[in-house]
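Everything below concerns the one structure shown next.
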Amino acid sequence: MENNIIQIENLEKVFPGKDSTVVALQGIDLGIRAGEIFGIIGLSGAGKSTLVRCMNLLERPTSGRVLFDGVDLASLSRRELLQVRQSIGMIFQGFNLLAQRTALKNICYPMEIAGWPKAKMIERAKELLDIVGLPDKAGAYPAQLSGGQKQRIAIARALATYPKVLLCDEATSALDPNTTQSILRLLKEINQTMGVTVVIITHEMRVFERICHRVAVIDQSRIVEMGDVQEVFRRPQSAIAKQLILPQGGAVERMAGSRTVRIVFDGMSSFEPVISNMTLECRTPVNILFADTKNIDGKAFGHMILQLPEDAAAIERIRAYLESRGITYKEEEPDVHTANA
C-alpha cells in the first residue's frame, strides 16, 4: 500500500432519487501517501467533492472501503469515528466559520468538541494564529475579516487537533489570485514543516502545478488518469485531462516570454511541419525569432530560435514534445542575438 495514509478500494457512491439514482462515484481505487500533497481535478459534477467527503465519511460510500491509517472507517462506531476525525482536518470554499464566534473561539471549536481543557485550547489557538500569520486577529469576528483571512482562520481551526491529513474542498475558489497564492504557500509550508498530508480539489490548474506532488483526474464518476503532477501536466493521456490542462483560446497578440530555445534541423524531412505540429499538440503558442533552414534533397538542415511563453507547464510540454520526436534542441539565454546566430 506504499505507506498510504488513505486507501480507497472499489468505492461506489449512489444517491437515490424519486425518479432515478445518480451514480456519483464508481470503481474508485486510490491511494494517498503519507506526507504528500495530492490533487484531484475534474469538471463540475465529475464527483470530486463527493470523493473527498467520502475520505472522512461525511458521505458514506454505498459500497467499497475507505481505510485511514489501515483502519476501515465504516467498521468504526460513531464514537470511534469521531475520534479518528480529529486526525482529518477539512477546509471549504465557503470557510464555514461560526459568525457569532471570534477568530480565536472559532479555532477552539474542534478542541471543545474533543474535550480539551480551556487553558490548553487557548494556548493552541494562539499558537495557530501565529502559524497562519494572524496573531492580531484573535478577537475579530468573521464579518471583520477578508476572504483570505477567513480561510487562514479556517485552516487554523482544521489544524487544531493535530491532524495527519488536511482535506481542502475548493478551498481557494472564492479568493482572488494573489490571496490564492498566499494560501497555497501556507498549505505548502504546513505540509513541509508539520508533515501534514494535504488533499486538494479545485478547478484551478495552477494550484496543482505549483504545490501538488501527484494528481488524480476524475471524469464521469471514475478516475481516468493518475500520476506525478509533472508527468500528467507534460503528457496528459485522457481526453478530459487534455481538456483541463492544455490551454484553450484564440489568437495571441503579444508574446511576453523571456526564454528561448534553439531547434536544430539535422536532416529530418522538409515536409514535416515541426513547429505547427508542436503548437497544435502542446496547445502553446511560440514566436519565431530567427530561422536559417535549407531544403537539401527533401531534408531540412539549419536552426531556428523560438521565443517560449512564460508558463512553466507549457515549456515542459514543449520539451516533452521535442524529446519524444528526437528533435535536437538547446535552451539559451534570453538575450540571444539572432544576428550572430
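Between the helical axis of 103-113 and the longest alpha-carbon principal axis of the chain there is an angle of about 60 degrees.
Between the DSSP loop rule and a limit of at most 16 other Cβ atoms within 10 Å, which trypsin sites (Lys or Arg not before Pro) in region 86-130 are left? Each step should come with its number before you reach the end.
On the way: sites: Arg101, Lys105, Lys118, Lys120, Arg124, Lys126; in loops: Arg101.
Of the trypsin sites (Lys or Arg not before Pro), the ones in loops of region 86-130 whose Cβ has at most 16 other Cβ atoms within 10 Å are Arg101.
Region 60-90 and region 275-290 have Cα centres spaced 49 Å apart. Kindly identify region 1-99 as rounded, prolate or oblate by the Cα gyration tensor criterion: order the square roots of the eigenvalues as a ≥ b ≥ c, call it rounded if a/c is under 1.5, otherwise compare a/b with b/c, prolate if a/b is larger, else oblate. Here region 1-99 falls in the rounded category. Close amide H contacts of Ala140 (hydrogens built in the peptide plane, cut-off under 5 Å, sequence separation of 5 or more or a different chain): Ala103, Leu104.
Calculate log10 I(q)/I(0) of region 276-316 for q = 0.25 Å⁻¹, where I(q) comes from the Debye formula with a single equal point scatterer on each Cα and nothing for solvent. For region 276-316 at q = 0.25 Å⁻¹, log10 I(q)/I(0) is -0.90. The orientation-averaged shadow of the Cα convex hull for region 135-200, equal to a quarter of the hull surface, comes to 4.7 nm².
The GluC sites (Glu not before Pro) of region 1-93 that meet both conditions, a loop assignment by DSSP and at most 14 other Cβ atoms within 10 Å of the site Cβ, are Glu2.
Whose amide H sits under 5 Å from the amide H of Ala300, counting only residues 5 or more places off or on another chain, with H placed in the peptide plane? For Ala300, whose amide H was placed from the backbone, the distant partners under 5 Å are Gly267, Met268, Ser269, Ser270. Helix 177-194 and the longest principal axis of the Cα set of the chain meet at an angle near 70°.
In percent, rounded to a whole number, the relative contact order of the chain is 17, using alpha-carbon pairs under 8 Å and six or more apart.
The candidate values are (i) 5, 21, 26, 21, 14, 9, 4, 1, 0; (ii) 6, 29, 38, 22, 5, 0; (iii) 6, 26, 35, 23, 8, 1, 0; the one derived from this structure for P(r) over Cα pairs in 10 Å bins from 0, in percent carries the label (i). Using the Karplus relation 6.51 cos²θ - 1.76 cosθ + 1.60 with θ = phi - 60°, the per-residue 3J(HN,Hα) values for region 158-166 come to 5, 8, 4, 9, 6, x, 8, 10, 10 Hz, with x marking Gly and Pro. Of the beta bridges in the chain, as assigned by DSSP with both residues counted there, near 70 percent are antiparallel.
By the beta-carbon count within 10 Å of each Cβ, the least crowded to most crowded order of Arg185, Arg319, Arg79, fewest first, is Arg79, Arg185, Arg319.
Angle between the Cα long axis of helix 312-324 and the longest principal axis of the chain, 0 to 90 degrees, nearest 10? Computed tilt is about 50 degrees.
Here's how it looks for Ala216: its modeled amide H is under 5 Å from those of Gly39, Ile40, Ile41, which are all 5 or more places away or on a different chain.
Cα extents for region 13-54 along the principal axes, largest to smallest and rounded to whole angstrom: 43, 18, 15. Separation of region 302-320 and region 1-54, taken as the distance between their Cα centroids, equals 35 angstrom. With a simple spin-label model that places each label point 7 Å from the Cα along the Cα-to-Cβ direction, the separation between Tyr162 and Arg79 comes to 2.2 nm. Net charge in the neighbourhood of Gly195 (other residues with Cβ under 13 Å of its Cβ; Lys, Arg +1, Asp, Glu -1) is +1. Computed over neighbours whose Cβ is under 14 Å from that of Gly148, the net charge equals +3, Lys and Arg +1, Asp and Glu -1.
If you take the square roots of the eigenvalues of the alpha-carbon gyration tensor of region 62-169 and sort them as a ≥ b ≥ c, do you get rounded (a/c under 1.5), prolate (a/b over b/c) or oblate?
Working: a/c = 2.40, a/b = 1.74, b/c = 1.38.
Since a/c reaches 1.5 and a/b is larger than b/c, the shape of region 62-169 is classed as prolate.
Read the figures in this text as sums done on the coordinates, not as results from a lab. Everything numeric here is computed off the predicted structure, so don't read it as measured data. No Cβ is skipped: glycine too gets one built from the backbone with ideal geometry, and neighbour counts run over all protein chains shown.
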